[in-house]
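Only one structure is covered here, and it is reproduced in the block below.
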Amino acid sequence: MNNMKFLLNHLRFHTALQLLLALESAEEETLVGGQAVLEGVMMRSPHAWGIAVRKPDQTLAIHSEPLAKASEKSPWKAWPFVRGIMTLGSAMVLGFKALRYSADVALEDEKTASGEKLEMNGWVAAFNIILSLGFFIFMYKFLPFAAARSLHHRFPQTGNQALFALVEGIIRLAIFLAFIWLTSRWQDIRRVYQYHGAEHKTVFAFEDHSPLAAESVQRYSTFHPRCGTSFLMTVMIISIAVYALVPVHGFWIGFAMRLLLLPVIAGSSYEVIRYAAKRRSSLFALMTAPGLWLQRITTQPPDDTQIECAIVALNRAMELEAQHGGEMVIA
């Protein structure tokens, strides 16, 4: 029975890992952001992060740590386009760490038949990282490119460079939307989406200087322009434009170029999201609109206990921020 629970928790963890970018905010280094995890929320400020996870007995497991600000040590990491890549990398590392913490909390009181504590050890975590990376490359790079090439052989008119990129982009988007929708049917992941909504509402309340109490936080929207869902949708739109500029000479060369151009696409997408979040009436904001629409799936209305997790996590991060950081900039 315990081993079955471990396997189920492992599956929940791996599914959430595939959704990692969609579940976190593409925050700037001077703003607060966060991420939904399994039965909880992680919140980060420029110099700290905190996490609150609901345990099986309904009490909260709380943890917080200082956070190094990359651009303070290396100013070049704050350059346009570079900052997007650095922010994305650090967000994924921290997001994985928070997600792993939440998975371990779920197994905190569980033991194997031999009496050993069940937990996600280093080997299991490493396996999930490799599996997640392989899943991403196969589903969103290899499969759309291979499908578009196959369609080109059947319909030579799709050989036009721009049209080929558009067909490939539509296939990639269809796979992504199907995965998001299918995962939303799983009750455990739907609860993660509720915690995602709690994170967004709490960030909105903080940015609006409202009291961090469930009653006031609940008044805010679950749709946030800096959400990772908006970032991923922007990535898919920009990738169509970028790939339209890259000639395809052979399958493996074309596939390799799609991997090599990932940093360019990620950096560009971050700049678009950053600009659109500050100027919500701009033309660039239209590019983030599909991501806001998709948040109707990736964020769900939270209950007050889920809001409580987000508030506790943010308060813990802000306590450390006061000790280790400088001034906060409110969007």
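The values are calculated or read from the model by the stated rules, or taken from the named source; none is laboratory data. Because the structure is a prediction, the values reported are computed rather than measured. Methodologically, a virtual Cβ is constructed for each residue, glycine included, from the backbone with ideal geometry; neighbour enumeration extends over all protein chains shown.
Looking at the range 250-268, can you tell me whether even one residue there is among the aromatic types (Phe, Trp, Tyr) and within 20 Å of the chain's Cα centre (by Cα)? Checking the range 250-268: not a single residue is among the aromatic types (Phe, Trp, Tyr) and within 20 Å of the chain's Cα centre (by Cα). With respect to the conditions (1) within 28 Å of Tyr101 (Cα to Cα); (2) modelled with pLDDT under 90; (3) out of contact with any helix residue (DSSP H, G or I) (no Cβ under 6 Å at 6 or more places or on another chain); (4) of a type outside the set (A, V, I, L, M), Gln295 falls short on a single one, namely (3). Residues that are crowded, with 19+ Cβ neighbours inside 10 Å and among the aromatic types (Phe, Trp, Tyr) within the range 181-222 comprise Tyr193, Tyr195, Phe206, Tyr220, listed in sequence order.
Here Gly169 passes the criteria (1) under 22 Å from the mean Cα position of the chain (by Cα); (2) modelled with pLDDT under 90 except the one numbered (2).
Does Ser239 count as out of contact with any strand residue (DSSP E or B) (no Cβ under 7 Å at 6 or more places or on another chain), surrounded by 22 or more Cβ atoms within 10 Å (Cβ to Cβ) and not in a loop (DSSP other than H, G, I, E, B)? First the steps, then the outcome.
Working: out of contact with any strand residue (DSSP E or B) (no Cβ under 7 Å at 6 or more places or on another chain): yes; surrounded by 22 or more Cβ atoms within 10 Å (Cβ to Cβ): yes; not in a loop (DSSP other than H, G, I, E, B): yes.
So Ser239 passes the test.
Is one or more of the residues making up the range 137-145 at pLDDT 80 or above, under 20 Å from Met42 (Cα atoms) and assigned to a helix (DSSP H, G or I)? Checking the range 137-145: not a single residue is at pLDDT 80 or above, under 20 Å from Met42 (Cα atoms) and assigned to a helix (DSSP H, G or I).
For the range 175-215, enumerate the residues that are in a helix (DSSP H, G or I) and hydroxyl-bearing (Ser, Thr, Tyr). Steps first, answer last, please.
Of all residues in the range 175-215, those in a helix (DSSP H, G or I) come to 175-184, 187-207, 214-215.
Of everything in the range 175-215, those that are in a helix (DSSP H, G or I) and hydroxyl-bearing (Ser, Thr, Tyr) turn out to be Thr183, Ser184, Tyr193, Tyr195, Thr202.
The C-beta contact set for the range 224-237 (first residue closer than 21 Å to Phe204 by Cα, second residue assigned to a helix (DSSP H, G or I) and among the polar types (S, T, N, Q), distance under 7 angstrom, 6+ apart or interchain) comprises Pro225/Thr288; Cys227/Gln295; Thr229/Gln295; Thr229/Thr298; Ser230/Thr288; Phe231/Ser269. Residues in the range 168-184 that are under 18 Å from Pro290 (Cα atoms) and among the β-branched types (Val, Ile, Thr): Ile170, Ile171, Ile175, Ile180.
Among the residues of the range 155-179, the one identified as of a type in the set (A, V, I, L, M) and out of contact with any helix residue (DSSP H, G or I) (no Cβ under 9 Å at 6 or more places or on another chain) is Ala178.
For every residue, the table says whether it meets (1) part of a helix (DSSP H, G or I); (2) at positive phi; (3) at pLDDT 75 or above; (4) touching a His at 6+ places or on another chain (Cβ under 7 Å).
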position	(1), (2), (3), (4)
Ala256	yes, no, yes, no
Arg274	yes, no, no, no
Ala277	yes, no, no, no
Ser281	no, no, no, no
Pro290	yes, no, yes, no
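Checking the structure you have, find out if any residue of the range 177-185 is in contact with a Lys or Arg (Cβ under 7 Å, 6 or more places away or on another chain) and either closer than 20 Å to Ser132 by Cβ or at pLDDT 90 or above (or both). Checked against the condition, which is being in contact with a Lys or Arg (Cβ under 7 Å, 6 or more places away or on another chain) and either closer than 20 Å to Ser132 by Cβ or at pLDDT 90 or above (or both), the range 177-185 yields at least one hit. Among the numbered criteria (1) touching a residue at least 60 places away in the same chain (Cβ under 8 Å); (2) in a loop (DSSP other than H, G, I, E, B), which one does Gly267 miss? Among (1) touching a residue at least 60 places away in the same chain (Cβ under 8 Å); (2) in a loop (DSSP other than H, G, I, E, B), the lone unmet condition for Gly267 is (2). Pairs meeting the criteria (first residue in the range 127-146 and in contact (Cβ under 8 Å) with a residue 24 or more places away in the chain and closer than 24 Å to Gly250 by Cα, second residue outside any helix (DSSP H, G or I) and not hydroxyl-bearing (Ser, Thr, Tyr), beta carbons under 9 Å, at least 6 apart or on different chains) are Phe145/Val248.
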